[in-house]
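Visitor: Take a look at the following structure, please.
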Amino acid sequence: MVVADGLKTLHKYLARQVLASLSLTVVVFTFVLLVGNLLKEILSLLVTGGARFSLVLEAVGLIIPFLWVYALPMGLLTATLLVFGRFSADQELTAARASGVSLISLATPILLISLACCGLSAWINLELGPRSRVAYKNLIYQARYEMATVQMPPRTLIHDFPGYLCWVGENHEGYLKDIQIKQFYAESDTNKYNFIHAAEGRLEVDRPNKLLTLDLTNAASQMSDGVREHNSWVRATRIIIDLNADTNQVYHPKLSDMTGGQLRAQIEELRRQFPMTPGQKQDPTLPARVELNREVAFSFASFGFALIGIPLGIRVHRRETNIGIAVALALTVVYYSFILLGESLSARPAFHPDLILWIPNFIFQAVGGVLLWRANRGF
């Protein structure tokens, strides 16, 4: 009875320690990954003044669930290394063994936590992460589009306006110089256009109605109907661009940004539209199958990381946090190398890249199981 109560106390103690460390490490890894993504995609918008602070907050909220795909397994691996490293260094493991408690018994609640993390990872990988990623990409895409249309960056070819091609030499808060605009009369026929060149002009933005008004002065016009050109000069002219006419400014998700259901639908559609024939070497469904296997296989990373993290934490036998993080990063690099290898071979079916993605799970679980058994025996 005393041993049972002591074991229950140890289970609660280790579970609390792992969950606390897991929460902290997930926050740290999420922050590191978040900074990298924000610097890469949002910093340019902030520098040019095109991103509002509310947009940055919204982007952060959307990208965090996608980053959990990577932060959760890495956090669990680091947490098990740190907790069991301290548990062994403080001689608590020795005391537990002296009381007749085995390591496998101590590790049981941690392995159950890792299985719960696998279920959470599966939901994040297959549903929440891809949807958040697409919403984030759409937000960034629209922000860049809005910045380009509203600010008209100088010395940059602007083709974001429906039916127009624009270029300005200078833009000082809406006062434009050296303006060149090509207005196409038919989207399918680029030979019919009106080319306008103006020395200066003024840009006004009607945000609620999504209208841009360009008041040009000293403008020269050259019209072409596809056969003849007509030149004219006007002292002033006004061009109103309706941004509501453009309905294509959305982000179309890649395979890596699709949910599990979308990938399965893509595979079925490809099989229906492009059935395999005898002797055909290329399988059009392979890239989608590789991506689906990657998302499912990576959902089991937490269990393998926990299995290998517990005995390695005991073997490292150190209390220093930096040692545990270094070991965790090294193991993560090994795991991701197989993921990158499988994705790089997605166009080569002879290597079975969809199966390569499962290799790190088998290796980590097998090695972790052997190390845990040996540590339980006291080797």
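Since every read-out is calculated from the coordinates, none of them should be taken as a lab result. Keep in mind that what you see is a predicted model, and the values were worked out from it rather than measured. Positions of Cβ are generated from backbone atoms using ideal geometry, with glycine treated the same way; all protein chains shown enter the neighbour counts.
Visitor: Given a Förster radius of 22 Å and the C-beta distance between D206 and R155 as r, what FRET efficiency does 1/(1 + (r/R0)^6) yield to the nearest 0.05?
Guide: 0.30
Visitor: Continuing with the same structure: Between A326 and V370, what FRET efficiency comes out of the Förster formula 1/(1 + (r/R0)^6) with R0 = 22 Å and r the beta carbon distance, rounded to 0.05?
Guide: Working from the Cβ atoms, E equals 0.45.
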